[in-house]
1. What list of ³J(HN,Hα) couplings, whole Hz, do you get for the stretch 264-269 from phi and the Karplus terms 6.51, -1.76, 1.60, once you set θ to phi - 60° and write x for glycine and proline?
2. Could you please report the charge total around V136, scoring K, R as +1 and D, E as -1 over all other residues with beta-carbon less than 12 angstrom from its beta-carbon?
3. Can you give me the distance in nm between label points at E131 and Q11, each placed 7 Å from the Cα along the Cα-to-Cβ direction?
4. Tell me, what HN-Hα J-couplings in whole Hz come from the Karplus equation 6.51 cos²θ - 1.76 cosθ + 1.60 at θ = phi - 60° for each residue of the stretch 231-247, using x for Gly and Pro?
5. Given the -39500 (n - 2.57) contribution per DSSP H run of 4+ residues, what per-residue ellipticity at 222 nm results for the chain, rounded to the nearest 500 deg cm²/dmol?
6. If you plug each phi of the stretch 349-361 into the Karplus form 6.51 cos²θ - 1.76 cosθ + 1.60 with θ = phi - 60°, what whole-Hz ³J(HN,Hα) values come out, in order, with x for Gly and Pro?
7. Pop the C-beta distance of T225 and R167 into the FRET formula with R0 = 30 Å and round what comes out to the nearest 0.05.
8. Return an integer: the convex hull volume of the alpha-carbon atoms of the chain, in Å³ per residue.
Amino acid sequence: MFAIAAFPDQQVPRKVALAPPVSPAAGQLLCRTRHLGICGTDREILLSRRPALPPGEEFLVLGHECLGEVVEVGPDMNGRFAAGDLVVPVVRRALPHSVRRPDMLAPGEYTERGIFFEHGFSAPYWLDRAEYLVAVPASIADVAVLAEPLAVVEKGVHEAELLQSARLGETAWPAAAPRVLVTGLGPIAFAAVLATGARGWPTTVLGRDRPDTFRAELAARLGATYRDLRTLPAEPADAETDGFDLILECTGSDDVLVQTSPFLASCGLMVWLGSSRVPQARSHNLALVMRNAVIRNHLHLGTVNAALRDFQAALDDLRFWCRRSAADVAAIITERLPLDEALWHYTHRRPQGIKCVVDQF
Ligand code: BGC
């Protein structure tokens, strides 16, 4: 069987031959990859030329956004899973003796399948332990590969909700829906639109595309208002009336962060959902970001990865959207390709592409 791997000192992924996994041991399941998402993290691992290899290995098998199907169940599963069940694996696994929730651990305290020190899911078959698999209803099979990136956004939104009710009381967002700004038109931005739309929050998407293009129109079909970044003034006339209560920063761009932060209203919160793996020193008016944050009680919150509850919330969002407009959610997956054709997408992006999925191995 073949998988897609990153090698040290190489920017281009390669197909590697792997021995098929053995039968599952107690507590394990053998799964087949039905759908595999390609994401910015895969591209950045390749760009860095320094994949975090599993001990003793010469390459890292890529792939962390996955919809799998259970093929064989190991002993002692007590009916928890059966062959044919659909599952989404969680990415991060805590090293022994960690005390925090895995998604809150410090670098060095965990592995991540397909990212840090453990092979991922781009192979047709893989083994995993039951505690790392989240059951997926068959009704959302077509789009469940989006659950992992959506769980990452769900974590950010959930933390924002917790923090706001801790400092403003339950009457803050539960009572009055926050005005949301989502920056970007990539897969994380679309996941953010799904998460805030499922909550019924008014959402504006800010992007560089013209409003009459596919991604901008899809954001609108999913209920968001699209705004061209180039039409954004340097500052709002009044951040309280023209601004936002929650900014979901989905571009990972420091430019966009600095440009949008004056639009946070009082007690507003910006969640940073992405960043560059190779941060470059730049010149920005950070003093203005600080001044606004102090005067207006802003919170800036970095988040990574997701807890189990966030995967469940992501699946709930997908169920909601599949009932409401299944075709528009499915349109976020702009390409479905066999493994050989998908290789190109690890180093290139098509204009107007959002999520590329490998569906034949
Ligand atoms: C994944 C997260 C992971 C993060 C950092 C993201 O692409 O979705 O699960 O924690 O990369 O490695």
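The values are calculated or read from the model by the stated rules, or taken from the named source; none is laboratory data. What you are looking at is a predicted structure, and each value in this text was computed from that prediction instead of being measured. Positions of Cβ are generated from backbone atoms using ideal geometry, with glycine treated the same way; all protein chains shown enter the neighbour counts. Side chains are part of the model used for accessible areas, which takes the heavy atoms of the whole protein and leaves out ligands, DNA and RNA. Shrake-Rupley method; radii C 1.70, N 1.55, O 1.52, S 1.80 Å.
1. 6, 6, 4, 6, x, 9
2. Computed value for this residue: -3.
3. 4.1 nm
4. Rounded to whole hertz, the list is 8, 6, x, 4, 9, x, 4, 8, 4, 5, 8, 9, x, 10, 8, 9, 10.
5. Value at 222 nm, helices only: -8500 deg cm²/dmol.
6. In residue order, the calculated couplings are 10, 7, x, 6, x, 10, 10, 9, 10, 8, 10, 9, 10 Hz.
7. Numbers: r = 28 Å, r/R0 = 0.92.
That pair, T225 with R167, gives E of 0.60.
8. Here the figure is 149 Å³ per residue.
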